[in-house]
Amino acid sequence: MEPVSVENVVFGPFGQCLPSLVQGGDRAFAVVDSAVADRFAPVLDEFGVEWMAFRASEERKSFEGLQEIAGWLLEHEADRGALLLGIGGGVTTDLTGFAASVYKRGIRYALVPTTLLAQVDAAVGGKTGIDFHGCKNVIGTFSMPEAVCVDTAVLASLPLEELRSGMAEALKTLVIGDAAMYREAVERMRGGMERLGDNELSALVRRCVGIKSGIVAADRTEKGERMKLNLGHTLGHAAESVCLEAGRPVTHGEAVAAGIIAAAAVSWKKGVLDRSLAESICNDLKSLGYSDIPGLLSRHAGLREEEIAPKLSEFVLNDKKRNKDFINFVLIRGLGSVMAEVLDVNELQGIIHDLY
């Protein structure tokens, strides 16, 4: 089947996408997550792409990881005409995109996401970044890749934990833009991730990419419409950062799921979401095995009940969406309908203390 393009996203096997990326005579390089290096090495070698294996983890999404990639590019004399490929999950695609956007003031890059989370979210839309001082993605750029090659066949070998992480981001996207597919996905997943067949998973990825690409096309640098894609991320990132600080990191998707549950509660508190629907969203995610924020922080960060609200509030103050005394927060109006609203930081902290 011929690859199908949605904006700069191409659906199809990597071997079919690569020739169009490396044509033109410029040298091509690749940063490949070591977990998938064996799978991609033969194709990269066939097309003369120089590559390095990168041991990806959230802790390595840092200046040290950036230095490793930039140092390797310098060592191999990559010039400003070079193309850099990022092959792997969200850590690898975020970091590779950031490295490409700053190396020699910017070189071309393309991404090959190999996890569900990266395919539906992290690799799509041109956001790059690294973590800094325990805060998620606080340093980064907007830099669009030349292409994102999505091959859903690679998901067949993905560990269950990674599938669950990616599914949380997929559900987030469906809450934003497709109520019917959200309900269908929840019902199927209640019997286990294995109930999503290859065709269903491929359709889910394509739909999520379509929703996100449409939003990004209207607002590439997150001045308005694109803020909707941060649903679940304000408090989700805060919870993720707390766990990272405690030395017991959680997957990004687990944190986002907890953040969506929190966003539903905040939306009800703000009077924009019916209480029964807020509870329904909470019950949906919990029925799929996701935790709320108290459950996540007590289990992974070892926080006592009275410590949860103060710790969340502390990390909210460092959120990149904060502007002086205000913060952009995505509220849920209904399934398939969300809105970004500017909240007073003190008001949000007050709601956090009420909830937790």
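When the range 318-336 is examined, which residues are found to be modelled with pLDDT under 95 and part of a loop (DSSP other than H, G, I, E, B)?
Selection gives Asn318, Asp319, Lys320, Lys321, Lys324, Asp325.
Given the condition free of Cβ contacts under 8 Å to residues at least 12 places away in the same chain and in contact with a helix residue (DSSP H, G or I) (Cβ under 8 Å, 6 or more places away or on another chain), answer yes or no: does some residue in the range 292-299 qualify? Please lay out each step first, then the result.
Initial filter on the range 292-299 (free of Cβ contacts under 8 Å to residues at least 12 places away in the same chain): 298-299.
Next, from what is left, pick out any that are in contact with a helix residue (DSSP H, G or I) (Cβ under 8 Å, 6 or more places away or on another chain): 298.
Within the range 292-299, one or more residues are free of Cβ contacts under 8 Å to residues at least 12 places away in the same chain and in contact with a helix residue (DSSP H, G or I) (Cβ under 8 Å, 6 or more places away or on another chain).
Give the residues of the range 49-79 that are modelled with pLDDT under 95 and surrounded by fewer than 16 Cβ atoms within 10 Å (Cβ to Cβ), sorted by residue number.
Result: Ser57, Glu59.
Could you pull out the residue among Asn283, Asn323 that is of a type outside the set (Asp, Glu) and under 25 Å from Gly192 (Cβ atoms)?
Asn283
When Met339 is evaluated against the numbered criteria (1) assigned to a loop (DSSP other than H, G, I, E, B); (2) touching a Lys or Arg at 6+ places or on another chain (Cβ under 9 Å); (3) surrounded by fewer than 22 Cβ atoms within 10 Å (Cβ to Cβ); (4) at pLDDT 95 or above, which criterion, by number, is the only one it fails?
(1)
Working only within the range 278-291, note down all residues that are more than 13 Å from Ala262 (Cα to Cα) and in contact with a Gly (Cβ under 9 Å, 6 or more places away or on another chain).
If the condition is that a residue be more than 13 Å from Ala262 (Cα to Cα) and in contact with a Gly (Cβ under 9 Å, 6 or more places away or on another chain), then no residue fits.
Looking only at the range 166-176, decide whether some residue is surrounded by fewer than 16 Cβ atoms within 10 Å (Cβ to Cβ) and over 20 Å from Val9 (Cβ atoms).
No, there is no match, as no residue in the range 166-176 is surrounded by fewer than 16 Cβ atoms within 10 Å (Cβ to Cβ) and over 20 Å from Val9 (Cβ atoms).
Does Arg188 qualify as being touching a Phe, Trp or Tyr at 6+ places or on another chain (Cβ under 8 Å), surrounded by fewer than 22 Cβ atoms within 10 Å (Cβ to Cβ) and part of a helix (DSSP H, G or I)?
Numbers: touching a Phe, Trp or Tyr at 6+ places or on another chain (Cβ under 8 Å): no; surrounded by fewer than 22 Cβ atoms within 10 Å (Cβ to Cβ): yes; part of a helix (DSSP H, G or I): yes.
Against the criterion (touching a Phe, Trp or Tyr at 6+ places or on another chain (Cβ under 8 Å), surrounded by fewer than 22 Cβ atoms within 10 Å (Cβ to Cβ) and part of a helix (DSSP H, G or I)), Arg188 does not qualify.
Within the range 191-225, can you find the residues that are touching a residue at least 40 places away in the same chain (Cβ under 8 Å) and among the basic types (Lys, Arg)?
Across the range 191-225, the qualifying residues are Arg206, Lys212, Arg220.
Among the listed residues Ile352, Ile332, identify the single one that is surrounded by 13 or more Cβ atoms within 10 Å (Cβ to Cβ), of a type in the set (Val, Ile, Thr) and over 26 Å from Ile215 (Cα atoms).
On the way: Ile332 fails: over 26 Å from Ile215 (Cα atoms).
Only one candidate qualifies: Ile352.
Taking the residues in the range 127-165 that are under 18 Å from Ala255 (Cβ atoms) and among the charged types (D, E, K, R) as candidates, determine which candidate is surrounded by the fewest Cβ atoms within 10 Å (Cβ to Cβ).
Here the residue is Glu161.
Determine which member of the set Gly247, Gly224 is within 21 Å of the chain's Cα centre (by Cα) and at positive phi. Quick ask: steps written out before the conclusion?
Numbers: Gly224 fails: at positive phi.
On inspection, the qualifying residue turns out to be Gly247.
The values are calculated or read from the model by the stated rules, or taken from the named source; none is laboratory data. The structure displayed is predicted, hence computed values, not measured ones. Positions of Cβ are backbone-derived with ideal geometry, glycine not excepted, and every protein chain shown enters the neighbour counts.
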